[in-house]
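Remarks on the structure that follows.
Each value in this text was obtained by applying a stated rule to the coordinates, not by laboratory testing. The model shown is predicted, which means the values in this text are computed figures rather than measured ones. Every residue, glycine among them, receives a Cβ derived from its backbone with ideal geometry; neighbour counts consider all protein chains shown.
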Amino acid sequence: MKTRVNTLADIAEVVENSSPECHLNIPQLVGNADGRVLVETFDWQQHLSPKFRKLPEIKSYQHFSFDAKRPGVVLARTHCDAEPVAFQLLRDSAVLPPVDSLPVLAPPGLNIDRQTYLYEKIWPFCADEARDITCPAPRVTAQKSQQKSMLKRM
């Protein structure tokens, strides 16, 4: 079966309808077309970096394990059969970081170049009712608008 998909809501509907009898596939959008955030994103980097050290050469490891009895320690392996290497990441193992009052990150949105690309290249392929949702006309930022007006004056 073919389904025309123009928006994220359309994708969610296709996923939900892909297993209607047993409800195995349950989509969850993180935001909706009007800009409302449905799932908040937290700034874990800012929150945890003062309390934890970075794992050196993290990209060389493929397997990680943790034990509640050893807070702040990660066992890292380069592959499944390798000997684990222990790293103490928590700077002070006696002080666990709080998990409340986390800084919330606002969605950054698309930059002007991406907005322009979607509007110029993808807009013609969208259904009429979805064009303003999926690829609306680019929103010129105040800074760009000021730059253009300054150039016109010159």
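Numbers for the structure displayed
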quantity	calculated
Sum of -39500 (n - 2.57) over DSSP H runs of 4+, divided by residues of the chain (222 nm, nearest 500)	-6000 deg cm²/dmol
GNM flexibility winner over the chain from 85, 74, 37 (Cα, springs under 10 Å)	85
Helix 8-17 axis, angle to the chain major axis (alpha carbon atoms, nearest 10°)	70 degrees
For the chain, size of Cβ-based charge dipole, Lys and Arg +1, Asp and Glu -1, in debye	900 debye
Principal-axis tilt of helix 142-153 within the chain, Cα atoms, nearest 10 degrees	50 degrees
Sites excluded, GluC sites (Glu not before Pro) in DSSP loops with at most 15 other C-beta within 10 Å, longest stretch of the chain	58-154
Proximal aspartates and glutamates to residue 59, defined as alpha-carbon separation beneath 20 angstrom and excluding residues fewer than eight positions away on the same chain	81, 83
Tensor-based shape of the range 1-40 (alpha-carbon gyration tensor, a/c under 1.5 rounded, otherwise prolate or oblate)	oblate
Qualifying chymotrypsin sites (Phe, Trp or Tyr not before Pro) in the range 1-62, DSSP loop, other Cβ atoms within 10 Å at most 16	none
Size descriptor, Kirkwood hydrodynamic radius, that averages inverse alpha-carbon separations across the chain, Å	20.8 Å
